[in-house]
């Protein structure tokens, strides 16, 4: 049965209609005509009729009473984070792997649940472990009710705890830890008999400490956060060809980028048991010794490495001077959402293979920026030059003139134009130049994850005082990135478009209210906001019913 509006002339009448089946045909019959709809609404008779029927429909009565403030609330909990990411946590077997790592230990609290709480907090609110302990109070996170702050600290220490010396030697002054074993188990569940890592995207960043930075891991070094006054650690992140995080490497803050690449390749072969690794890394990793080692019979590793254009004479004087023709890979943009334009050409010098890449859009921008700087610099020189040397952007275009004054370095200005919109790659792969260039451009995935780790997940600054706890703290951010990648891959498979902020906002605002009504307990679900419904579909989780009775 249902209500139907029947129009007769200029009036609309409200009817109760019943559907029935007769000889495979569906028909309707009018059970009652309640009257003119406008009069029923104006006099409030229809509302009184509906309310009188609520006593025969318990669920609608609860909703009506809740709206009228006639129920007694028991508790309000946010349930979206656990429903979606709890499913992903189990689908990745993170809970199973952590429990396996804990088999020989006897903690008096649930370490797996403590790690789960910390990881979810990084995704939704971020901040310190102290903040995570307060954050969970308004969320439904099964198994975390009895956890205290010191439990979270001990869980972090467990993740970063060194394993026995028989499990592997120290690499770059860093021992093999529990977190490394967990990463290997995550890889093993995805591998097959022919597993290789066709391409590994690898990059590093630095994370500074507000305190001492542990016993060994916190050291002074070249800060990528522009905080040379603080001790730091170096974090390396490796992704596979599909953007899936493989592992994170943690080293003391004085570790140079150029010394990290070879240990990473060796460790990945040992840890993951793969036959071949092809590495993609930025120019900070490159050196003659590194390339010689990668090409040696011992390592025999394929690579695509960004090259230093200005500091390597062979590149600045011979590779960039090559007059070969470029091949167009990506044409000029037609809309702002199109991929950036790209041209490539191959240059081989003494069996060393280089790929020169050119972005015409970036070339024009570089030229315009330099022109603006040079014009402003010429004007400033007319007024005085003492305050110009402190500006790094200006200083490279000046040279010492007569006396104590400076003049424009016209040769330097001309040289800089050779680098506009270009970057150079060195590789030993035999693939076509367009494939090499496009593969290298995917290195932005690592840089994007570093930005996420530092800003959205607020891995920095770190206040912990022990090396093991620091390693566990950073590893929880790695697990949070893993969950994010898992959800994003499932969204892509469903053909969804999304904004991460809207996913998080929608899940964070999904609440369940437990209320007492007529001596019974009922649970009411809030409205689904943002793009939470897409996350539920992608994770394969059903939305809770709008109302249910709690037994």
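Quick one: in region 1-56, what % of C-alpha pairs are over 18 Å apart? The share of Cα pairs beyond 18 Å in region 1-56 comes to 44 percent. Counted by neighbouring Cβ atoms within 10 Å, the residues 473, 405, 151, 226 run from fewest to most as 226, 405, 151, 473. Protection proxy ranking of 321-332, 505-516, by the mean of other Cβ atoms within 10 Å over each peptide's residues and highest first, is 505-516, 321-332. Where a ≥ b ≥ c are the square roots of the eigenvalues of the C-alpha gyration tensor, would you call region 429-551 rounded, which needs a/c under 1.5, or, failing that, prolate if a/b is larger than b/c, or oblate? Taking the square roots of the gyration eigenvalues as a ≥ b ≥ c, region 429-551 is oblate.
Debye-formula intensities of region 91-144, expressed as log10 I(q)/I(0) at q = 0.13, 0.16, 0.31 Å⁻¹, are -0.34, -0.51, -1.23 (one equal scatterer per alpha-carbon, no solvent). Helix-only arithmetic for the chain: the sum of -39500 (n - 2.57) across DSSP H runs with n ≥ 4, divided by the residue total, places the mean residue ellipticity at 222 nm at -11500 deg cm²/dmol.
By other beta-carbon atoms within 10 Å, ranking 419, 397 with the fewest at the front produces 419, 397. Checking the a/c ratio against 1.5 first, then a/b against b/c, what shape does the Cα gyration tensor give for region 396-451? Judged from the Cα gyration tensor, region 396-451 comes out prolate (a/c at least 1.5, a/b above b/c). In terms of other Cβ atoms within 10 Å, 233, 50 run from fewest to most in the order 50, 233.
Ordering of 352-360, 311-319 by packing is 352-360, 311-319, highest average first (other Cβ atoms within 10 Å, averaged per residue).
Relative to one another, the C-alpha centroids of region 316-344 and region 77-136 are positioned 46 Å apart.
Against the chain, whose longest principal axis comes from its Cα atoms, helix 80-91 is set at around 60 degrees. One equal scatterer on each Cα of the chain, no solvent, Debye formula: the resulting log10 I(q)/I(0) at q = 0.06, 0.07, 0.10 Å⁻¹ is -0.47, -0.60, -0.97.
No lab work stands behind these numbers, since they all come straight from the coordinates. On a predicted model such as this, the values are computed, not experimentally measured, just so you know. Note that we place each Cβ from the backbone using ideal geometry, even for glycine, and neighbour counts take in every protein chain shown.
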